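Structure, as structure tokens:
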Amino acid sequence: MKLIEGENVAEIKRKPEMTLLELSVEATPEAVDWVCTLLAQLDDIRDLQVSQLQSDRPHPARTLQMRWYMPYSNNANARVDALTQLLSPVQRTGLISEPEIYVIEEKPIALSTQAHAIGERFVVLPPDVNYQPTRSEEIPLRLETSLAFGSGFHPATILALKLIERHVKTGMQAIDLGSGTGILGVAMAKLGAHVLAIDNDPTAVAATQQTIEQNQVSQQVTAKRGSLGQGSELGHWMGGELEQRVPIVQPPANCKLIVANILARIHMTLAPDYQQILSAERGLLITAGFTTEFEAEVNAAFDAAGFDRIDVERSDDWVALVHRSRG
């Protein structure tokens, strides 16, 4: 790790004007949500920022810079050590660089001001950026960078949004399972759907609610903590334990669509639950969150449960699928 001007945190603590630790890594798009999930285990992270790196970066796959902040205190060394250990599995994969740590007086102005387009119509941008659409059909998705999954940079999220753009119809009753930041549920709402957004992580539910309000779709999206069917027994979908038992959430009547951006093993476990909810309407199931390594297993589980595959999107090793219930 690197510290400001090569100084040790313990030495810098003599400088009373320094009040914050700034930590930063260079990251690939698929690393952002993994890092966010890990940082959510800490209770003193402040104002995560994600910005584009310049084209002359030394590692071509790391196109983003993540910065976040922690209050400075006398036990800074121990907290920094704990954080770097937390991030070490991601760093070992090469998806992020070695963390750089600085002690600063105050946070700089947020750098996450870029809008980035996804698919034909969606444009993801921070909530406070003054953005003028270049085309009338553009759909802005305003998203605060948070510690919940769904930054808008991860390939799985991008693939899910592309399929949502193709398949969501006005008036659909839909479920966003594993809502994370709420980006997928809000996207469905802006295409005219009515959405029940569900997550088993309280941090994600709070992030989803914030995204709902920032995009002014409170009349169309409801956020709840919980899961569908057997999902309530599977612990935290990203790994680890949950402090409270996850309640089972009842699906909306006449549900015609489930969108779920979660791990392959959760999809396979929930395949019968998906079918039970969607069979009456011969509804659609959009699934993402896994690589082509698991594609055959996921397809087999859905086929056995009573689904036919009708569409697919791919990006490198990542894949997202659309299935229709046979009824």
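FYI, it's all coordinate maths here, none of it is from the lab. Note that the coordinates shown come from a computational prediction; the quantities given were computed from them, not determined experimentally. For neighbour counting, all protein chains shown are included, and Cβ atoms are generated from backbone atoms with ideal geometry for every residue, glycine included.
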Amide H of F290 versus every other amide H placed in the peptide plane: which residues, excluding those fewer than 5 positions away on the same chain, fall under 5 Å?
V319
Would you work out which of L228, H194, L184 lies farthest towards the positive end of the dipole of region 146-325? Charges go on Cβ: Lys and Arg +1, Asp and Glu -1.
H194
Viscosity 0.692 mPa s, temperature 37 °C: give me the Stokes-Einstein translational D for region 146-325 in µm²/s, with Rh taken as the Kirkwood radius over C-alpha pairs.
209
Backbone HN-Hα couplings from phi across region 252-267 [Karplus 6.51/-1.76/1.60, Hz, Gly and Pro as x]:
x, 5, 6, 5, 10, 8, 10, 10, 9, 10, 9, 5, 4, 5, 6, 4
Suppose R0 equals 41 Å. What FRET efficiency, 1/(1 + (r/R0)^6) with r the Cβ-Cβ distance, do A117 and A82 give to the nearest 0.05?
0.65
So what are the ³J(HN,Hα) numbers for region 308-325, from phi and the Karplus equation (6.51, -1.76, 1.60; θ = phi - 60°), rounded to whole Hz, Gly and Pro as x?
10, 6, 10, 7, 7, 10, 10, 8, 6, 8, 9, 9, 9, 10, 10, 10, 10, 5
Could you go through region 155-164 in sequence order and give the Karplus-derived ³J(HN,Hα) for each residue, using 6.51 cos²θ - 1.76 cosθ + 1.60 with θ = phi - 60°, rounded to whole Hz, and x for Gly and Pro?
x, 5, 5, 4, 4, 4, 5, 5, 6, 4
Taking one equal scatterer on every alpha-carbon of region 124-229, how large is log10 of I(q)/I(0) by Debye at q = 0.10, 0.15, 0.19, 0.20 1/Å?
-0.24, -0.55, -0.91, -1.01
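When ranked by the protection proxy of mean other Cβ atoms within 10 Å per residue, highest first, what sequence do the peptides 126-132, 199-205, 115-121 form? Spell out each step's value before the answer.
Values: 126-132: 11.4, 199-205: 22.9, 115-121: 15.9.
Descending packing order for the listed peptides: 199-205, 115-121, 126-132.
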For the ranges 210-222, 73-85, what's the packing order if you count other beta-carbon atoms within 10 Å of each residue, average per peptide, and put the highest first?
210-222, 73-85
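How would you order 277-288, 300-311 from highest to lowest mean count of nearby Cβ atoms within 10 Å?
277-288, 300-311
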Relative contact order in percent for region 146-325 (Cα pairs under 8 Å, 6+ apart) equals 22
